[in-house]
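Everything on this sheet refers to the single structure shown next.
Derivation of every value follows stated rules applied to the coordinates shown; laboratory data play no part. Please read these numbers as outputs of a predicted model, since none were measured by experiment. No Cβ is skipped: glycine too gets one built from the backbone with ideal geometry, and neighbour counts run over all protein chains shown.
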Amino acid sequence: MIRNYRKIFVLFSVDKPDVGPNIIESIFLNYLITIYEHVYQPLKNVSKDDDHQPDKIAKETMKTFLTLLDTLEPYFIWDYLMKNFELILVNTQSTIDITLEQICEIIHMLIDLSLSNSSIDLLSEHLPEMFCRLMKTMHKSIEFLQPNQIILCLELLSNIFQNLNLNPTEIDYNPTTDDDTTIECLLKEMVEKVNKQLSNQSIRNQLSRTMSHYIDESIEIYKDILHCFIETKFIDRNQMNLKSKFQQFHSIIQVKTNENLSKIFNRYQQSSEFDLKLNDNIEQYQSSFEQACKLFIRFLSFSSKSMSILLFF
Amino acid sequence: MFLVSDQTEFDDCLIDLCTLSLGKINHFSFQILALSVLIELFKHNRNRTHLFALTNETDFFQYIIAYLWEYLNEDYTCDFHKKSTMILANLELILPMNLCENLISKQLSFVDIYQTQNYLQTIDDYKRFFQLWNRTRQFSCSFQQPLIQVLSSLKQTNQNCIKNIIHEWITHCFIRGDICRIFDILLLMLLHSDTTRIPIRQYNSSTEQDSTSNSNVDHEMTFALVFDDDELEDENQGENEIEPEETDDGKQVKNKNENVFFSF
């Protein structure tokens, strides 16, 4: 299967401008899945486990794949991915034979490759835009998503955000446990790091300018996502809405008293006005809500440029 | 949009979080998450007006603090104690006019400690404060007023039982090497402000800031993350071992995985 794809793409990438654009849209997604399952994953497992020698075919295919990515317009790739992501997320009855999990894996893979291979600039400059677009798609569809699907989307957002949040001054000194921690080694390591950072500096500066704009916009969209999440998953919408419930609360809390905590708590306990029944299946949204909140706190602490104290939890 | 006061509009998300934070929803973790996000939103400049609207025009935070104070009761598990403490400490930091500290202080002073029938309630309140104090070591909030309240009752009360639990607690503070926190507050009250000691970390970061005033603010963020979750966990476990009232009753179902819900 991989061999077939290799042939097609060697053909495509060499010199067939009349063939390429026509076929790529129809087979690119399946090609990406195959690469993920048969090449990227096995190679990743190999790099973790030193005992196994990397598969030659897999290595070569990866090379071809990287060359292909280089020849494609970065805009095309992320736009293509986003379009398909939208199709899968918004239209569950779509004809595309691919799961949300698979497309998320593919996007994770491409982010990883684009960051680890400096020659491929396919996604890094488009990440902020992609971030916003993902949010908008998620906002549209969150009502229909299952808890595990919400988690997949949040993980994707989190991964992109993490890679947006490049810190140019970050030099993490990791003392090694080996005996050869000579000053020479450390200096060499530092020089390498500084060089690497200098080369990325211009991209990063450019990124950080557009980034804060996107982050601010994203926070606003994310607030809407959170609202939809809470409103559609937490409470029975036919019974009440949170706004009228808050109005009810407000009629009590606006009467300011000067009581001590015991008395306030007693009133809180006895008053049925404060009752708020959540859906019976709320527990299944525990981890997705937790992730959603964590991510939001990360956005906010990035945006306010101060480290959140809640991160100490 | 919903108007809390004449000027301040609350958007949908803020209303949802406020409602989840205040309502009796019977799901502690959801409530704590909503509160955490709410606090983080209020730290933002653009939401400060919302914070002031809630504190000036309503008793919103009074109710929140009241139920969090309830969760510090011995009947609740360690998880409740830990998370409630974190939220209370954060509220102490963001709320204007020491609202949180004042309420706790008032609670501790409210009961007439000369009356026998009330002393059980007092002991309970004191134990809650000890929970709060022991767990807020890493925060810059001091809970100074309630501490003074507790210490002064050593002299004021004639109830030996109350004196004993305060003595016991101070001994525990001493064993844990935590006694300096108490002395700090007492000495600060007695000494001239020029002699104030500041934490070495704070001193370092302030000089760092001076020398690299043009550098990226992100730079500071990397230094702010010096906290180790495991260390905290161990410390808390250590506390539980020392405090017999926590380990003996068997109510402490400690779930490590559940507790680290903000460690990213």
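Quick rundown of the values:
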{"read-out": "Residue-by-residue Karplus 3J(HN,Hα) for region A:187-194, coefficients 6.51, -1.76, 1.60, Hz, glycine and proline x", "value": "4, 4, 4, 5, 4, 4, 5, 5"}
{"read-out": "Inter-site label distance for B:H167 and A:D79 at 7 Å from Cα along Cβ, in nm", "value": "8.0 nm"}
{"read-out": "Inter-chain Cβ neighbour average for residues A:98-108, partner chain, 10 Å", "value": "0"}
{"read-out": "11 Å beta-carbon shell around B:P146, net charge (K/R +1, D/E -1)", "value": "-1"}
{"read-out": "Placed amide H near B:K24: partners under 5 Å, 5+ positions off or other chain", "value": "A:D275, A:L276"}
{"read-out": "FRET efficiency for B:L186 and B:D75, using Cβ-Cβ distance with R0 set to 30 Å, rounded to 0.05", "value": "0.40"}
{"read-out": "Spacing of the two label points (7 Å from each Cα toward its C-beta) at B:M97 and A:N279, in nm", "value": "4.1 nm"}
{"read-out": "Taking N as its residue count, the alpha carbon Rg of region A:243-288 over 2.2 N^0.38 Å", "value": "1.50"}
{"read-out": "Rel. contact order, % - alpha carbon contacts under 8 angstrom, at least six apart, region B:59-183", "value": "24 percent"}
{"read-out": "Links that overshoot a 24 Å alpha carbon limit, given the list A:K193/B:K43; A:K243/A:K277; A:K223/A:K245", "value": "A:K193/B:K43"}
